[in-house]
1. Here is a list: 189, 245. Which entry is away from the ligand (no atom under 16 Å from the Cβ), under 21 Å from residue 11 (Cβ atoms) and out of contact with any helix residue (DSSP H, G or I) (no Cβ under 6 Å at 6 or more places or on another chain)?
2. Restricting to the stretch 143-170, name every residue that is away from the ligand (no atom under 16 Å from the Cβ) and assigned to a loop (DSSP other than H, G, I, E, B).
3. Report, by residue number, each residue of the stretch 171-215 that is at pLDDT 95 or above, in a loop (DSSP other than H, G, I, E, B) and under 16 Å from the mean Cα position of the chain (by Cα).
4. Across the stretch 21-43, what is the number of residues that are more than 16 Å from the ligand (Cβ to nearest atom) and part of a helix (DSSP H, G or I)?
5. Please work out which one of (1) at positive phi; (2) crowded, with 21+ Cβ neighbours inside 10 Å; (3) touching a residue at least 60 places away in the same chain (Cβ under 8 Å) is the condition residue 94 fails and give its number.
6. Could you list, in sequence order, all residues of the stretch 219-242 that are surrounded by fewer than 16 Cβ atoms within 10 Å (Cβ to Cβ) and more than 15 Å from the ligand (Cβ to nearest atom)?
7. Quick test for you: out of 133, 146, pick the one residue that is without any contact (Cβ under 8 Å) to a residue 12 or more places away in the chain, crowded, with 18+ Cβ neighbours inside 10 Å and in contact with a helix residue (DSSP H, G or I) (Cβ under 8 Å, 6 or more places away or on another chain).
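The values are calculated or read from the model by the stated rules, or taken from the named source; none is laboratory data. These numbers were taken from a predicted model, which means no experiment stands behind them. Don't worry about glycine lacking a Cβ; one is built from the backbone with ideal geometry, like all the others, and counts go over all protein chains shown.
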Ligand code: PEP
């Protein structure tokens, strides 16, 4: 079975204005003949403008969240249908910042995954342990529990990615070593195989958490690492392109 095509996705979080579209265009111009799929996930208000600016390029646009329902009285939220209508092709779901700040449970993340599937968006589902959970030896149990709870059976055969993002590595400059990454990615692959059988081999398992140009090659060449979810280093085209080139 061939390995999945690597995916390098930038998560701009709550950063970027209309003027930042220039940075995304610079990524599209510099991306060249990469073997990776490349995506940028800006704040939702920029998705439409960025999708138009990147039309016809190799760089896909994604969202950072959606509501689990398709419409209704949910002030301030956006639906998967709206995101797809604005030109997004992917969506990050269950990011630890949302799990923490908005108390998103595995069950809610699974409902958001279903919403994404209803509207043709490819979900990137995030999982990851806290530093206390790692110190307590619970990282594998926590992460595989999140995988089981956040991925509904309807994903079987569909395009999606899982992003392993240890919470203690996000935005901190700390990263697990490759043995630690490989241990968790291996456990995620085994869990995916138990859930989805053969189709699990086609799911890229991304690593996320302080990926930068200086550590990208080492991390991306670890066993079972099928790409990266990149926060801070995705905001500057040069840094993001250096990570794409490290694939
Ligand atoms: C993220 O929040 O998805 C992330 C990986 O952030 P950073 O790269 O800044 O650690």
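1. Matching residue, one of 189, 245: 245.
2. 151, 152, 156, 157, 158, 159, 160
3. Passing the criteria: 203, 204, 209, 210, 211, 212.
4. 8
5. (3)
6. Correct list: 221, 223, 238.
7. 133
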